[in-house]
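Working notes, beginning with the structure itself.
The values are calculated or read from the model by the stated rules, or taken from the named source; none is laboratory data. Note that the structure is a prediction, hence the values are computed from the model and not measured. Neighbour counts are summed over all protein chains in view; Cβ atoms, including those assigned to glycine, are modelled from backbone coordinates with ideal geometry.
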Ligand code: GLN
């Protein structure tokens, strides 16, 4: 079958949940057993997200294949439940790079190289290659940014041209605001936004309206009139309790049938088994939980929760699967110290120290870890969090004064965490960390790690330059730290644990592979330990 395309465009403003809509479309097509993958266009001139600040752009999502991508890829993977590939991310940086290197090679000899057709052709040929290489039934493309941005206009033009050659269905996500004391929903911004897309030569077949409350029938009628669309093609995207409800909300409006009709796909029935399993899982999030656990995320980027998007989802997955609710406390580690840790962390059933870069806020993380170790609050350290756990243990249990990481102090005497040998001498920053899926060997069955994973060999995704300095490994072990996981050659420490209570730190990012149907094992263990502690309180 020749690949067909769905292109998702966002109007009016960012933050409407274009990633969730795209993910829901992927999920719906997957319910019909179509082979689908996403592609995301991002207009920035970075090659990828690896060099961006999570504080500005949100979490950097890492795939098995070592690519560092936009956080939307986390959402796609969590919905579609398939491992994705780096080639599915097409950025301005990548396509401009391809075109200029072709120009230098002489591929366009004699021509003046232009956005149209050279750049747009490059985008289209990338899309066609991805579709045929992966033998896709449908490719769902999310255009990053908002219609009208300078950054993404060449991507939108490329999609218009794609629709001249292939079957393309355009889905437009827009916003219907409410105003005044009666909270009247207003359709005018969407009318104008739709018109501006038509000026670009694109007439969306489906209009998804993001709103606080259910879309008013009057507004739907008005939008149908002004957009030339049938009223059933005006789709309601009101607030839901959980993002995982959106595919179900769309199905309840026959979005699946409308989309398949527009794509010219018919005849297949929805896979009821897949759908009912998903419904059961979503109900676990939306049903009133049996109990709630309070989890603190103590990190330095907590003001922008998107920086820890996958950590948050992994908590939700693990808790839902145990019929538990969660309350997440976002705690800026710069606001914690040895004196106030007790008050700040009061009432928490579990603590997560997530990943990060640089020394800012590290002391607060160490104080939080010390408090949780001494007061028996379950603790999970992720990447930088694991490194902070090792430093805390070195300082407060092994009494190694000034123990730290060379990331924070190059001239420190006790570099308990040090740059990896393989990283020494690397000057270039883009794509050079230890990235992607790496195997880890778990030492003994009598460890938190083994109990969580139930296997001796595991694989998780990584993104780091520093490691536990093996020179200090024995000293830490002598005082009771358990090194429960290493790389398969035994050279690099992957997992550490406390002997007493629940404390585990991993050099990997287990949150990146967590799915609602298959939560990350270490998160499941943390939530279990936290629940146990909550019951003992
Ligand atoms: N900054 C640390 C390192 O590079 C931790 C990285 C992370 O948390 N992802 O090793």
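Before we move on, is residue 268 crowded, with 20+ Cβ neighbours inside 10 Å and either in contact with a helix residue (DSSP H, G or I) (Cβ under 8 Å, 6 or more places away or on another chain) or touching a residue at least 12 places away in the same chain (Cβ under 8 Å) (or both)?
No: the conditions fail for residue 268.
Criterion first (under 22 Å from residue 203 (Cβ atoms), assigned to a loop (DSSP other than H, G, I, E, B) and at pLDDT 95 or above) does residue 146 satisfy it?
Yes: the conditions hold for residue 146.
Looking at the structure I just gave you, is residue 508 away from the ligand (no atom under 16 Å from the Cβ) and surrounded by 24 or more Cβ atoms within 10 Å (Cβ to Cβ)?
no
Among all residue pairs at least 6 apart or on different chains, which show Cβ distances below 6 Å where the first residue, located in the range 460-471, is within 15 Å of residue 431 (Cα to Cα) and modelled with pLDDT of 95 or more and the second is more than 10 Å from the ligand (Cβ to nearest atom) and assigned to a helix (DSSP H, G or I)?
Going by the 6 Å Cβ cut-off, the qualifying pairs are 461/512.
Residue-by-condition table, conditions (1) out of contact with any helix residue (DSSP H, G or I) (no Cβ under 9 Å at 6 or more places or on another chain); (2) under 16 Å from residue 326 (Cα atoms); (3) at pLDDT below 95:
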| position | (1), (2), (3) |
| --- | --- |
| 475 | no, no, no |
| 480 | no, no, no |
| 507 | no, no, no |
| 519 | no, yes, no |
| 535 | yes, yes, yes |
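Picking from 87, 122, 103, which residue would you name as being closer than 30 Å to residue 32 by Cβ and in a helix (DSSP H, G or I)?
Only one candidate passes the filter, namely 87.
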